[in-house]
Structure formats: structure tokens, C-alpha cells
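A short reminder: the numbers here are calculations on the coordinates, not readings from a lab. Source: prediction; values computed, not measured. Quick reminder, even Gly has a Cβ in these numbers, built from the backbone with ideal geometry, and neighbours come from all protein chains shown.
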Amino acid sequence: MTTASAGPELLLALDVPGADAAMSMVDRFAGRCRFYKVGLELFTAAGPAFVGALRARGVEVFLDLKLHDIPNTVRAAARRAAAMDVRLLTVHASGGEAMLAAAVDGAGEGCGVLGVTVLTSLSPAELAESWGRGPWIDVQSEVVRLAGLVAGAGAHGVVCSGQELSAVVGRYGRQLAALVPGVRPAGAAANDQARVITPEAAAAAGARYLILGRAVTEAPDPLAAWDAIAVSLGGKRLA
């Protein structure tokens, strides 16, 4: 077992189909992880009741719903998320500064809003096709541009891949907390992520939060995989 490091905060993704499997994972990582991601699949299956069950165990919740709607609807949804006592909530930065500001207003001071810039599953060609920008697009420039909307809305931070992290931190410093998905130890499979980074590189570039998913949960020994990453980031092994 390892203690927390002084570097980025580590979150474990509960990317499972239902509450029983998710809570089993939380039980397995008890004493190691204190912050969990609840995404669309799990929230659709288990809903606010499961978030409440997590909070009753004293762990923090990152509600990764990637909201994208008219400002009034997003404000109301963020207000409901804050009422569940979640610590972080995601909205799509491409929804615009007014929508982002509405999310911040609805979430209040206790729930940090993170603007999702460009999904880590998208390659430059796929993003260019999606946004009608021709055969290729500079993803880093788009991420930094969207981060500007997030900063203008007064949001807590951004979600970006490790490949754009240095540019975002270089432009906004500590004004925006950076949460980085697509984290893979050296040599691990990228799976469906197009833009990945190692935990150590993300920490060095200034990430505030790191999401650990399949690289840990699908490892032969998930607890050992978690511990190895925690130790690499400065955590101390206890057992």
C-alpha cells in the first residue's frame, strides 16, 4: 500500500456497467484511492443514489458527464450535481463561454467545473473532419483556444490530453487546474486513446489530477499497478 504523493491527485475510473461492480472496485482499493470518477455508463445505470453511497464512504466523486446544452439547462444540471456533493463536474468547453459560466454559477463554490477541450480519443484528422476544418487540424492550438473560454468563464480547470498539457499550463499556469485522462505507464497499451502520456510526464508538465483507468483496472494485479504509479509519483510504500 502507498500513501498519497505530493504530486497530482490520482483518481480511479469506475468504468463498469453497474453499482455492484463499481462498489466492489471501491472496496478493493480502500486505503489506496480516495477519489473516483463516475462516468456516463455508471451514472446512467446507478444514478444519484450511487453517488450518495460513495460519499457516505467518505470518498470524493468526479462526475464526468461532459454536459453540453443550452446555458439554462446546464446551470440546472450543475446545481443538481453540486447537491450530490460531488467535487468535480465536466462540461464541454465547445459549448461556449456562456454555457461554461452557467455551469460555474449552478455548481457554486463546492463543485469545481472542468471544461473538456478535445477528447483524447480523437486524432487530428478525426477532429478536423468533425469540426469541418479540412484534412488536418492543430489540436494543441484548439485546446489552448478552448481553455481560454474556460478561463474566461471562471471555471476550475480543463480536461486535456498530456500532449497539450504543457501548452495549457504554460499559458494559464495555476489559473486552470488540468485533469489528464489517457494516462498510461510506459509500454502499456493505448487502447482507444489517440493521445496518451505517462504518469511521470504528466506530473512533470503540471497536471493537477490524473485519471487512472484500464492501465490499472485491467492489469494482472490492479493494486500493484496502482501502487507502482503512486510510488513513481512520490508516494511512499507502506506494505
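Values as computed for the structure displayed
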| read-out | value |
| --- | --- |
| Computed label-point distance, nm, for sites Arg80 and Ser141 using a 7 Å Cα→Cβ extension | 3.9 nm |
| Ranking of Asp227, Asp138 by count of other Cβ atoms within 10 Å, fewest first | Asp138, Asp227 |
| Gain on full stretching of the segment that runs from Leu40 to Asp221 - 0.36 nm per residue minus C-alpha separation | 62.6 nm |
| Over the chain: helical MRE at 222 nm, DSSP H runs n ≥ 4 each giving -39500 (n - 2.57), nearest 500 | -13500 deg cm²/dmol |
| Order of Thr44, Thr120, Thr198 under a 10 Å beta carbon neighbour criterion, fewest first | Thr44, Thr198, Thr120 |
| Cα centroid separation, segment 44-80 to segment 120-158 (Å) | 24 Å |
| Förster-model FRET efficiency, 41 Å R0, Ser232 and Val26, C-beta, rounded to 0.05 | 0.95 |
| Segment 38-183 - percent relative contact order, Cα under 8 Å, separation 6 or more | 18 percent |
| Gain on full stretching of the segment that runs from Arg57 to Ala204 - 0.36 nm per residue minus C-alpha separation | 49.8 nm |
| Alpha carbon convex hull of segment 9-232, projected area averaged over orientations, nm² | 11.7 nm² |
| Cα gyration tensor, segment 47-123 - rounded (a/c under 1.5), prolate or oblate | oblate |
